[in-house]
Amino acid sequence: GHYEDAGVVCQSSHSGDPVRLVGGASSLEGRVEIQHNGVWGTVCDDNWSDTDATIVCEQLGFHGAQGFATFGWQFGAGDFNMPILMDEVNCTGAEHYLSDCPFDGWNTHDCSHYEDAGVICQASNFEYPVRLYNGQKSSEGTVEVYDNTQEKWGMICDYLWDLSDANVVCRMLGYEGAIQAPTGSYFGADSIQFYATYISCQGSESQIEDCPGFLIFQQYASYCPSTRAAGVKCFELTDGPPPIRLIDGETSHDGRVEIYIQDQWGTICDDGWNSIDAEVVC
């Protein structure tokens, strides 16, 4: 019976070096800067391509967006005291982080800041595009929605937030669906420009604005503080093993193991369960 459901406690996994876009007219464009060993630096535009730019957009949470490479410090040159950290970047398109892409090595370059690489992320055709903020990997994070009227990103308040809502967000981002729908600013919250709330999706909608109750509030209000940001953990079905998730743990690194088979989630019996099995799950 379920009194024998297996669980695991995992150690945190690797995440890529943070990136940011600087000097653009919106959060969708700018000079690419990457942080390595606590120091921010720029990327040289030698061999810079749309494939590299798309990886940057993906890492920033613009899932499904097309990245366009810019060259020759289109968004201004980095501070001349700032290091040029990457050169000859050559992403394959399969990476999740810019730092996972092949390049010449940290601080190895033959460039000046007049060759700083930039990116323009072309958002999807959704009226209200979404992105994920502050997750340990690109498939999870606090949900932010873009209001074209204000040209700003805002959070979604977690009132009524559940797995049906999260499924819609994950599919908008190109994933198969949601594993979890964390609430209470589980991943933290960025500065609040505005927020959406009272969302009650059925789960079959193609975009968040089609969900019953979707409302954009133009400014922060006390009854939806930064501690109430909604989040998601998404999964993508591939030719590899089926997705798994951890449920009811104290953190995202422990809990009851569930596995997704034939369009439903189920548990694993603990007969024969050991640390080697747990390590594979982690």
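The values are calculated or read from the model by the stated rules, or taken from the named source; none is laboratory data. All of these numbers come straight from a predicted model, not from anything done at the bench. No Cβ is skipped: glycine too gets one built from the backbone with ideal geometry, and neighbour counts run over all protein chains shown. These area figures cover heavy atoms from the full protein model, side chains too; ligands, DNA and RNA do not enter into them. Shrake-Rupley method; radii C 1.70, N 1.55, O 1.52, S 1.80 Å.
Could you please give the count of residues in the stretch 182-193 that are polar (S, T, N, Q) and either on the phi > 0 side of the Ramachandran plot or crowded, with 23+ Cβ neighbours inside 10 Å (or both)? Lay out the reasoning, then the answer.
Kept after step one, since they are polar (S, T, N, Q), are these residues of the stretch 182-193: 183, 185, 191, 193.
Restricting the remaining residues to those that are either on the phi > 0 side of the Ramachandran plot or crowded, with 23+ Cβ neighbours inside 10 Å (or both) gives 185.
Adding up the residues that qualify gives 1.
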Those residues of the stretch 96-111 which are in contact (Cβ under 8 Å) with a residue 12 or more places away in the chain, more than 14 Å from VAL19 (Cα to Cα) and of a type outside the set (Phe, Trp, Tyr), in sequence order: PRO102, ASP104, ASN107, THR108, HIS109, ASP110, CYS111
Within the stretch 1-21, considering residues that are buried (at least 16 other Cβ atoms within 10 Å of the Cβ), outside any loop (DSSP other than H, G, I, E, B) and over 16 Å from the mean Cα position of the chain (by Cα), the one modelled with the lowest pLDDT: VAL8
Condition met for ASP210 (surrounded by fewer than 17 Cβ atoms within 10 Å (Cβ to Cβ) and at pLDDT 85 or above): yes
Within the stretch 109-127, considering residues that are of a type in the set (Ser, Thr, Tyr) and surrounded by fewer than 17 Cβ atoms within 10 Å (Cβ to Cβ), the one farthest from ALA77 (Cα to Cα): SER112
Residue ranges of strands (runs of 3 or more DSSP E) in the stretch 42-156 with at least 1 members over 21 Å from GLY174 (Cα atoms) and modelled with pLDDT of 85 or more: 66-70, 84-86, 118-122
Unique match (being closer than 19 Å to GLY1 by Cβ, open to solvent by 70 Å² or more (accessible area, probe 1.4 Å) and modelled with pLDDT under 85) among ASP239, ASP248: ASP248
Test for ALA25: is it at pLDDT below 90, touching a Ser or Thr at 6+ places or on another chain (Cβ under 9 Å), part of a loop (DSSP other than H, G, I, E, B) and of a type in the set (A, V, I, L, M, F, W, C): no
Hits in the stretch 141-181 (condition: surrounded by fewer than 23 Cβ atoms within 10 Å (Cβ to Cβ), in contact (Cβ under 8 Å) with a residue 60 or more places away in the chain and in contact with a Leu (Cβ under 8 Å, 6 or more places away or on another chain)): GLU176, GLN180
Cross-chain or 6+ apart pairs with Cβ under 7 Å, the stretch 264-282 first and under 17 Å from GLY249 (Cα atoms) and touching a residue at least 40 places away in the same chain (Cβ under 8 Å), then in a loop (DSSP other than H, G, I, E, B) and open to solvent by 80 Å² or more (accessible area, probe 1.4 Å): CYS282/GLN11
Filter result (at pLDDT 80 or above and not hydrophobic (A, V, I, L, M, F, W, C)) within the stretch 177-196: GLY177, GLN180, PRO182, THR183, GLY184, SER185, TYR186, GLY188
Verdict on TRP106 being surrounded by fewer than 20 Cβ atoms within 10 Å (Cβ to Cβ) and either over 30 Å from ASP210 (Cβ atoms) or in contact with a Phe, Trp or Tyr (Cβ under 9 Å, 6 or more places away or on another chain) (or both): yes
